[in-house]
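Undergrad: Here you go, one structure.
Throughout, read-outs are computed from the coordinates displayed, never taken from laboratory work. In this text, all values refer to a predicted model and were calculated from it rather than measured experimentally. Please note: Cβ atoms are built from the backbone with ideal geometry, for glycine as well, and neighbour counts cover all protein chains shown.
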Amino acid sequence: MNFEQFQNQSRLYVIGALEAEELEEFEEARKKFGKKAEDFISKSYALHEAFALSLRPAKSSDAIKERLMAMVKAKKQS
Amino acid sequence: MTQDRPENDYDNALSGWFSGRSPVAEADDLLQEIFMEIWNQAKNFSEQKGKPLGWMVTLARRRAIDGLRKKQAYARAEERLQNETEQQPDAWVHNATEEEIVLGDTRVLIRKVISSLPPAQQQAIDLAFFRGMSQREIAAKTNTPLGTVKTRLELGLKKIYDGLKDLKDEL
């Protein structure tokens, strides 16, 4: 696998779309390319942020906030 | 990231993830679990590994897909969820801060990049990322050869990735 192919696989990897048989080959290439590979994988995680931002924002319900803050408060007191 | 206020401004982005995809009560429960996990795991966050939103989305996605799979195992919820693709039209209206304005600009530009993809690539990415489907599952669901699915995903993700690089230069 050359580095361009590794880049393509990395983008599939970060969104969990690699098939099991591709994973093995990917991990081998990841070792082969070392730090360069790790840097590219880290950058590829920016795709997650992009997908989240591509969605229309929605307000979470007040009920969630109340429940959540009650749980946080209880945890802080314990 | 403040641990005192886990439902900070990022909750809009995370809430947007679930709106229109699950019944409201289930989405609320899941979102609450995710916020708690973020709050509990905040000490493990490292800025060196990326931005807070990316980290939160990774956590949220993992939890959401776990939840989805559990549900599918019991009730074949997949079909129902896939029919519920409409997003909530009403954005949360409140006083905009500078950060929110930048986030809003980023959102518009990212949507522009994604909407420029051919529909088949958008669909493949949606099924892979938001529904956690494997390439084989996507091929079966869309009645498309596996190689074509792989190509669509690779091309689509590359375009988005390249678009993000351009976007960073613009902002």
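Undergrad: Give me a single rounded figure for A:4-13: the average over its residues of other chain Cβ atoms within 10 Å of their Cβ.
TA: That works out to 3 on average.
Undergrad: Contact order normalised by length for chain A, with contacts defined as Cα pairs under 8 Å and 6 or more residues apart; what percent is it? Let's see the in-between values first.
TA: On the way: 24 pairs, mean separation 22.8, N = 78.
Once normalised by length, the contact order is 29 percent.
Undergrad: Once you place label points 7 Å from the Cα toward the Cβ at A:LYS36 and B:ASP105, how far apart are they in nm?
TA: That separation, rounded to one decimal, is 3.5 nm.
Undergrad: What angle, in degrees between 0 and 90 and rounded to the nearest 10, separates the Cα long axis of helix A:20-44 from the longest principal axis of the Cα atoms of chain A?
TA: 70 degrees
Undergrad: Then there is this: Can you pull the one-decimal nm distance between simple spin-label points at B:LYS141 and B:LYS165, each 7 Å off the Cα toward Cβ?
TA: Output for this residue pair reads 2.9 nm.
Undergrad: Among A:LYS43, A:LYS59, A:LYS35, which one moves the most in a GNM of chain A with springs linking Cα atoms closer than 10 Å?
TA: Looking only at A:LYS43, A:LYS59, A:LYS35, the biggest GNM fluctuation is shown by A:LYS59.
Undergrad: What is the magnitude of the charge dipole of chain A about its Cα centre, with +1 placed on the Cβ of each Lys and Arg, -1 on the Cβ of each Asp and Glu, and no other charges, expressed in debye to the nearest 20?
TA: Dipole magnitude for chain A comes out near 820 debye.
Undergrad: On a 0 to 90° scale, report how tilted helix A:62-77 is relative to the longest principal axis of chain A, with both axes built from alpha carbons and the result rounded to the nearest 10.
TA: Result, in degrees: 90.
Undergrad: Next question, about the same structure. Using packing as a proxy for protection, rank B:131-138, B:30-37 so that the peptide with the highest average count of other Cβ atoms within 10 Å comes first.
TA: Ranking the peptides B:131-138, B:30-37 by packing returns B:30-37, B:131-138.
Undergrad: Keeping to pairs on different chains or 8 or more places apart, tell me how many lysine pairs in chain A have Cα atoms under 19 Å apart.
TA: Details: A:LYS31/A:LYS43; A:LYS32/A:LYS43; A:LYS35/A:LYS43; A:LYS65/A:LYS73; A:LYS65/A:LYS75; A:LYS65/A:LYS76.
The number of close lysine pairs in chain A is 6.
Undergrad: Please average, across the residues of A:15-22, the number of beta carbons from any other chain that are within 10 Å of each residue's own beta carbon, and give a whole number. Write out the running numbers ahead of the final one.
TA: On the way: counts 8, 8, 16, 4, 5, 2, 0, 2.
Other-chain Cβ atoms within 10 Å of each residue's Cβ, averaged: 6.
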